[in-house]
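Just below is one structure, and these are the notes that go with it.
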Ligand code: BG6
């Protein structure tokens, strides 16, 4: 007998025809925070990739705005050297063998730079001139994307200044259609709590209408996250069991091995909860828990996600656990404690780990707990959604030589090994009836070639075509903050006993107690080799 696991066939059984992506409108894009980390690591590399694959409009211009002294030339050099650092670098944002210099220079030739303080009106006057110039030179048709890649405290002020300078005004033709559009992309965190998110929504709402606002969450740009909808709603097999009758509980894990990566200042003002939970982790939650939408337009999908959030009661502080890493070894490298990171207070009360339990009070999910956890400096990098099914209603095997069967798990692996696996019981070959737990694995990489991308490509393209499906709406953001608000309040009031987990481990013991309170449940192992043994 051949013990080798069979490789899956790598021929796609059937696929809908690939449509050429709808051409994006001509446009100019303005990046506030032109010399920032996000711009050089993700936003501009994504534009470069769009240009390489022919998806960027030919009539396009890119304008950088930043306080840093610079010129168009120095900005281009700065960005190009970042791209160069990706070449042959396995830990880079995306892997490239060489820079496509033609694609780069055609993008670079359309770049210009405006230096100044983004809180002051004069920058916007000069930006207006730069936009007029770009429109003349690159025929961008008056369409503009303003990308706010700046610290969140500037979001409101930048939108106010843009409005005062009339740069966000759109123009309608006689037929009622827009002659040109103005859109604003806002990074996370969107507010710091419920009150500030409401204030920010109200503030930007004075200048922009909701259709102009694209609140970005890069988790929605990940293929595997988008695939959750296809998996659930394009297959007749899973949806009938996707509810309280068959599902015991759901675990969502976003474990990182990285620490705060030199972002101590940002992290001290943010912490793991604000940085990850109401945005990235809830994005995964929304995808798993939403009802089937009536259509695949932005309105239908976002309505369903918002409905789920509104069915989640605010989390009582006793259902949340926080942690902060101490020193330890991550993947063989000795790491220092969070409190020893640059720009971090020696007695910092900021969490680098969060676990929480929440409930969804609706027909589908009543009584099914969702356990969420995310942390830095963990034993392994792993983002997954694991669905634990209930045990078989009658277990003839109980008490037999193999003991009780292990329950089924369906695991949607988001990263690093994108795929889906289903774990179930089989009979171990031999005269005795004993059970073995096996897994059926679908790995994306077995079936589809991996496109080099940084994950922002789809999202930027969607802004250019005006498709807001993958962006958060004002009400969704406010619901998310409402859910975590009691935890934020309690944590601000009480000093934690930090550090409470060593770098390179599975997080604080309190997280095990949290899930263990519910009939002895356990977190799934972060190490894939022991995955599913619980
Ligand atoms: C960012 C957070 O939004 O997402 C970071 O600010 C985090 O702290 C990152 O590390 C995780 O994203 P990814 O795509 O690397 O999993």
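The values are calculated or read from the model by the stated rules, or taken from the named source; none is laboratory data. These numbers come from a predicted model, not from an experiment. Methodologically, a virtual Cβ is constructed for each residue, glycine included, from the backbone with ideal geometry; neighbour enumeration extends over all protein chains shown.
Here 330, 368, 308 are screened, and the one residue that is touching a strand residue (DSSP E or B) at 6+ places or on another chain (Cβ under 6 Å) and buried (at least 21 other Cβ atoms within 10 Å of the Cβ) is 330. When residue 348 is tested against (1) in contact (Cβ under 8 Å) with a residue 24 or more places away in the chain; (2) closer than 19 Å to residue 518 by Cβ, exactly one condition is not met: (2).
Scanning the range 219-243 for residues that are surrounded by fewer than 18 Cβ atoms within 10 Å (Cβ to Cβ) and within 16 Å of the ligand (Cβ to nearest atom) returns 223, 226.
Screening residue 476 against (1) surrounded by 19 or more Cβ atoms within 10 Å (Cβ to Cβ); (2) more than 23 Å from the chain's Cα centre (by Cα); (3) under 30 Å from residue 349 (Cα atoms) leaves a single unmet condition, (2).
Which residue is nearest to residue 244 (Cα to Cα), if the candidates are limited to the range 294-322 and must be in a loop (DSSP other than H, G, I, E, B) and either within 21 Å of the chain's Cα centre (by Cα) or free of Cβ contacts under 8 Å to residues at least 12 places away in the same chain (or both)? This residue is 312.
All of 262, 295 fail the test of being within 17 Å of residue 336 (Cβ to Cβ), at pLDDT below 95 and more than 9 Å from the ligand (Cβ to nearest atom), apart from 262.
Determine which single condition residue 458 fails, assuming it passes every other condition in (1) at pLDDT 95 or above; (2) outside the structural domain of residue 295 (by TED's automatic domain parsing). Against the list (1) at pLDDT 95 or above; (2) outside the structural domain of residue 295 (by TED's automatic domain parsing), residue 458 comes up short only on (1).
If you filter the range 428-447 down to residues that are surrounded by 13 or more Cβ atoms within 10 Å (Cβ to Cβ) and within 23 Å of residue 97 (Cβ to Cβ), you find that the one that is nearest to the ligand (Cβ to nearest atom) is 444.
The residues on offer are 204, 216, 145, and the sole one that is within 16 Å of the ligand (Cβ to nearest atom) and either closer than 22 Å to residue 38 by Cβ or in contact (Cβ under 8 Å) with a residue 12 or more places away in the chain (or both) is 216.
Scanning the range 340-359 for residues that are closer than 22 Å to residue 487 by Cβ and not in a strand (DSSP E or B) yields 344, 345, 347, 348, 349, 350, 351, 352, 359. Inclusion of residue 329 among residues that are in the same structural domain as residue 268 (by TED's automatic domain parsing), in contact with a helix residue (DSSP H, G or I) (Cβ under 6 Å, 6 or more places away or on another chain) and closer than 20 Å to residue 509 by Cα is not warranted. Residues in the range 254-278 that are touching a strand residue (DSSP E or B) at 6+ places or on another chain (Cβ under 9 Å) and either outside the structural domain of residue 505 (by TED's automatic domain parsing) or under 18 Å from residue 321 (Cα atoms) (or both): 254, 255, 256, 271, 272, 273, 275, 276, 277. Out of 83, 47, one residue alone is assigned by TED's automatic domain parsing to the domain that holds residue 165 and closer than 21 Å to residue 185 by Cα. It is 47. For the range 91-111, filtering for residues that are crowded, with 19+ Cβ neighbours inside 10 Å and over 27 Å from the mean Cα position of the chain (by Cα) leaves 3. Does residue 250 meet the test of being modelled with pLDDT of 95 or more, farther than 30 Å from residue 504 by Cβ and more than 16 Å from the ligand (Cβ to nearest atom)? Criteria not met by residue 250.
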